[in-house]
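Colleague: Please read through the structure below; I'll follow up with questions.
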Amino acid sequence: TGEGEKVAVFDSGIDKDHPDLADRIEVLDKVEGATETDTIGHGTHVAGIIAGTGAASGEKIRGMAPGAKLVVVGVVQEDGVVLTPADWSTLLQKAVDNGAKIVTLSTGRGAHSEYDFGSQSIDQFVYDHPEVLVVVAAGNDGAAPEGYPGFKTVFSPASAKNVLTVGASCSDRKIDPPMRWREYNPQIFTGECGEELLSGGPETPAALSSRGPTEFDSVKPDLVAPGTQILAAKASAAKLRWWKPPWDEHPDKYAYLGGTSMATPVVAGAAAVLRQYLRVACGNPNPSAALMKAILVAGARKLPPRPLPEKIDEEIGFPDFDQGFGRLDLANVLPGPPPASPRRKLLFADWSKDSDEALIARPQDLAGRQLKKSRTYTFTVAGDPTEPLQIVLTWTDWPSAHVQNNLHLEVIGPEVAMSGNPFHVYRRQKIDSVLAAYVDPRRKGAQRFPVVDKNNNVEKITVDDPKAGEYTVKVLAENTPFPPQGYALCVVGEVEGELKAVG
């Protein structure tokens, strides 16, 4: 339930008297010029998605993490103007000062995927506070005037590398009568995209969700979550245009909103559940933001790709700029009841830049530590596995545009040898296509994809049909101009034993 976790919400304040939220508020604060009382409705809805208890609905309508506490900071004026700071670091310090390890930002500035000072400042904040996961909305600038969504519409600071950027997928809630995106806005949603359902098609990214890549060609969003027709707490003084719930029991307590603003707290609430799991079940009292991000990405399910003209989709590959690594599903990654395999395990390594396990491209003694260029781990997949194998590497990079400290992920096992993000081909050099056909002689019939991804600090490998046996994982520092570099590695699947460091 997220019990024991604090999530910081920087938004339009909160309705502190709402029955679902009254006992969830740990801290209520504001920036100068903003209001703590939510007269807009946005902040209360976001808070309800995260930690609403369902008290006003007999627990029928609850948030993702109803056991979590909230640190609420108002950053919106009564007239709805968002007081976006030039430097996010100063503002987000309020979360740290009040003990929050997860931050949700359903705000930003339309910046056409630019990496501006806002993005850099939030990267700096995470670099300085590597235990704080910042979850940011991608934005609602998605448009399809030519029948398919355009690219490079991600907001700032969602273009930051060290945050978890969230786009919106359609929820499974059906609207009667059905509503299509062309009815929502006929000017910008046309053609095949305009015919898609606004809600009721959970396998589809929402048309309004902003898309990458960033200006330095990185994948954004990192993942998507349900963001259309989301039902949550309604502030009593709300001014927003609402979709009212289709029943009369609680007409003033809940309402529908949509957008990446709603998808983002879905992920932040899921992160609170995950963090509690890591603390309580795994004995990791202070998991890094990189580890949280790695596991959430591991739990993302790939959605069907959207058809694009002129084979553009083939020039991007997967992850793509519609959905990132897919739609979040914690049930895809955490051990649990069926349909999860009873043999599923979550294994991980989590090293800070101050650890002796941190990496450096040119091995040397640094500050009294003999650091290495790579680390190698092994694990064993159980016999007759029934689930895919997921391996994810993430790291909190030096705060600047482009990937600065570049790490790589390599996995070798029975009939498989891959490097991170093997099917993401955007901006891949032509020589890589030739090298991709190379068959690794160490594993008969195994295709070995070359190390090519230099644009992302998230690398994932999915083995859809893993074979039983021993697997080797290597984390390699290809280039580290700002050493040393910590990292987080997670393995999810039907594995036996532990993740063993062997070199």
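Colleague: Could you work out the helix-only [θ] at 222 nm for the chain, with each DSSP H run of four or more residues adding -39,500 (n - 2.57) and the total divided by the number of residues, to the nearest 500 deg cm²/dmol?
Modeller: Calculated from helices alone, the mean residue ellipticity at 222 nm is -4500 deg cm²/dmol.
Colleague: Please give the FRET efficiency for residue 354 paired with residue 467, using the beta carbon to beta carbon distance and R0 = 41 Å, rounded to the nearest 0.05.
Modeller: Calculated value: 0.60.
Colleague: Sticking with this structure for a sec: Do any GluC sites (Glu not before Pro) in segment 323-429 lie in a loop, going by DSSP, with at most 16 other beta-carbon atoms within 10 Å of their beta carbon, and if so which?
Modeller: 415
Colleague: Would you pull out the residues with amide H under 5 Å of residue 200's amide H, same chain only if 5 or more places away, H placed 1.01 Å from N?
Modeller: Close amide H contacts, sequence-distant or interchain: 171, 172, 173.
Colleague: Helix by helix, which DSSP H runs in the chain go 27 Å or more along their axis at the Cα atoms and have an average Kyte-Doolittle hydropathy of -0.5 or more?
Modeller: Long hydrophobic helices here: 260-280.
Colleague: Between beta-carbons, use under 10 Å as the cut-off and find the net charge around residue 73, counting Lys and Arg +1, Asp and Glu -1.
Modeller: Taking every other residue near residue 73 into account, the sum is -1.
Colleague: Work out the FRET efficiency for residue 237 and residue 380 from their Cβ-Cβ distance, taking R0 = 51 Å, and round it to the nearest 0.05.
Modeller: The value I calculate is 0.30.
Colleague: Ranked from the most accessible area to the least, with a 1.4 Å probe and all protein chains present, what is the order of 380, 35?
Modeller: The most accessible residue leads, giving 380, 35.
Colleague: Volume per residue, Å³, of the convex hull around the alpha-carbon atoms of segment 161-217?
Modeller: Roughly 101 Å³ of hull volume per residue.
Colleague: Can you tell me the FRET efficiency between residue 131 and residue 314 if r is taken as the Cβ-Cβ distance and R0 is 35 Å, rounded to the nearest 0.05?
Modeller: 0.35
Colleague: Under the 0.36 nm per residue contour assumption, what length would be gained going from the current alpha-carbon distance of residue 281 and residue 474 to full extension?
Modeller: 66.8 nm
Colleague: Another question, if that's okay. Could you check what % of the DSSP bridge pairs in segment 96-225 are antiparallel, to the nearest 5?
Modeller: Around 20 percent of the beta bridges assigned by DSSP in segment 96-225 are antiparallel ones.
Colleague: Return the ratio Rg/(2.2 N^0.38 Å) for the chain, where Rg is computed over Cα atoms only.
Modeller: The chain yields a ratio of 0.94.
Colleague: Are there GluC sites (Glu not before Pro) in segment 36-117 that DSSP puts in a loop and that have at most 14 other Cβ atoms within 10 Å, and which ones?
Modeller: 59
Colleague: Hey, if we sort 402, 424, 112 by accessible area with the 1.4 Å probe, largest down, what's the order?
Modeller: 112, 402, 424
Colleague: Per-residue HN-Hα couplings for segment 464-470, Karplus 6.51 cos²θ - 1.76 cosθ + 1.60 at θ = phi - 60°, whole Hz, x for Gly and Pro?
Modeller: Each residue of segment 464-470 in turn: 5, 10, x, 9, 5, x, 8 Hz.
Colleague: Step through the residues of segment 99-108 one at a time and calculate ³J(HN,Hα) from phi using the Karplus curve (6.51 cos²θ - 1.76 cosθ + 1.60, θ = phi - 60°), rounding each to whole Hz and writing x for Gly and Pro.
Modeller: x, 7, 10, 10, 10, 10, 10, 9, 8, x
Colleague: Ok, one more. Under the definition of Cα pairs under 8 Å and six or more residues apart, what whole-number percent is the relative contact order of the chain?
Modeller: Result for the chain is 15 percent.
Colleague: With a cap of 16 neighbouring Cβ atoms within 10 Å, and only residues DSSP puts in a loop, list the trypsin sites (Lys or Arg not before Pro) found in segment 51-126.
Modeller: Here the sparse-neighbourhood loop sites are 60.
Colleague: Among 129, 408, what's the order by accessible area (1.4 angstrom probe), most exposed first?
Modeller: I get 129, 408, largest accessible area first.
Colleague: Sticking with this structure for a sec: Could you tell me the accessible area of residue 403 in Å² (1.4 Å probe, neighbours in place), rounded to the nearest ten?
Modeller: Accessible area, nearest 10 Å²: 20 Å².
The values are calculated or read from the model by the stated rules, or taken from the named source; none is laboratory data. Computed from a predicted model, the values in this text were never measured in an experiment. Heads up, the Cβs are rebuilt from the backbone with ideal geometry, glycines too, and the neighbour counts pull from every protein chain shown. Protein only, heavy atoms only, side chains kept; ligands, DNA and RNA dropped before computing areas. Shrake-Rupley method; radii C 1.70, N 1.55, O 1.52, S 1.80 Å.
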